[in-house]
Amino acid sequence: MFAIQRSNKTAILWVITAVVAVGLLVSSFVPGVRTAVIVVQVGFALLHGAHRYGWRAIGVFLVAGLVISNILENLSIQTGFPFGLYHYTGSGKIFEVPWFIGPAYLATGYLAWVVATVLLGAVRRNSSWLTTIGTPVIGAFAMTAWDLSLDPGASTITHVWIWHNGGGFFGVPLGNFLGWTFTVYLFMQVFALYLRSRGPVTTATPGQAEASDLQGVLLYAATTIWFFVRYFTGERTTVTDAVGTTWRTGDIYETSVLVTVYGMVFIALLALLRIAQQRTVTPALPTQVTANQDARPDPAQLPA
């Protein structure tokens, strides 16, 4: 009965994975759908995380991600640390940050976390410190790769947020990406420390863990669809950032695709190859003693 229930949960997660992937494709053509897709992605993260770690553990990920990201975003808007000086346009804000920014951190951040566990190793109770610290580091870089593709279009072209002092990367400053890596690392490290002290001893059986990994990696790869669609459909014109620098949107779209291919797509490919490698590796046979080894004298029997 337990095995059947676990199988049903895996099947449900595959259905949700397909729904989110289709939603990401649709939202690339219908901008108004994007917010709803983010909400569904958060639902996937919660269900997937509960299936993998338990509800209490994924609750820690949820709270850490929402609280830490909101605190540091508001701090940066006021002081410039850690992202730089900027402000969000539009309404529906929690203090100075739109409500959907936190869920966006969770939605993509969880996928980046899954990718990191595939590349380095799952964090579980009593994991080594290398895994406990290294997995959040890789996860932070995997998520920052997403912002590297996203930020110039979202800020300089569509003005969802405005960088007050501009920046060399199509109006986005270097500090923004360093701040992203720092922020994501912090909430992932909180999650990793919780898993090391109170998390499950093992996340799932080998077959279930493999399916769980594949779902997360595929959705991480699916988040790149928007960048390719914008490259082919985005209007070719010029835009001006807050300090008066003019940029060509075609250059922004093309660069976004380049960093997507050699950033997110490359990371996803590494993770997929790692999953495939785990499926094909056969257990090592017990070491057999050769005839020559049998013939070697026992050192204890040699004359002094």
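The values are calculated or read from the model by the stated rules, or taken from the named source; none is laboratory data. Everything numeric here is computed off the predicted structure, so don't read it as measured data. FYI the Cβ positions are ideal-geometry reconstructions off the backbone, even for glycines, and counts take in every protein chain you see. When the accessible area is computed, the model is the full protein with side chains, heavy atoms only, and any ligands, DNA or RNA have been set aside. Shrake-Rupley method; radii C 1.70, N 1.55, O 1.52, S 1.80 Å.
Annotations
- The value obtained for the chain, namely the Cα convex hull volume divided by the number of residues, is 199 Å³ per residue.
- For the Cα trace of the range 139-273, dividing Rg by the Kirkwood Rh returns an Rg/Rh value of 1.07.
- With every protein chain in place, the chain: carbon and sulfur % of accessible area (1.4 Å): 67
- Accessible-area value, R125, 1.4 Å probe, nucleic acids and ligands omitted, Å²: 100
- Surface analysis of the chain yields an accessible area of 50 Å² per residue, using protein heavy atoms and a 1.4 Å probe.
- Sum of side-chain charges, R124 neighbourhood, beta-carbon under 11 Å (Lys, Arg +1; Asp, Glu -1): +4
- Euclidean distance between Cα centres, the range 220-263 to the range 95-132, Å: 26
- Summary of the geometry: the range 144-190 and the range 8-35, compared by the centres of their Cα atoms, lie 25 Å apart.
- Residue-count net charge about G59 - beta-carbon cut-off 14 Å; Lys, Arg +1, Asp, Glu -1: +3
- Based on DSSP H segments of at least four residues, each scored -39500 (n - 2.57), the chain has a per-residue ellipticity at 222 nm of -22000 deg cm²/dmol.
- Value of relative contact order over the chain, rounded to a whole percent, pairs C-alpha under 8 Å and six or more apart: 21
- The chain: angle of helix 174-198 to the longest principal axis, Cα-based, in degrees nearest 10: 40
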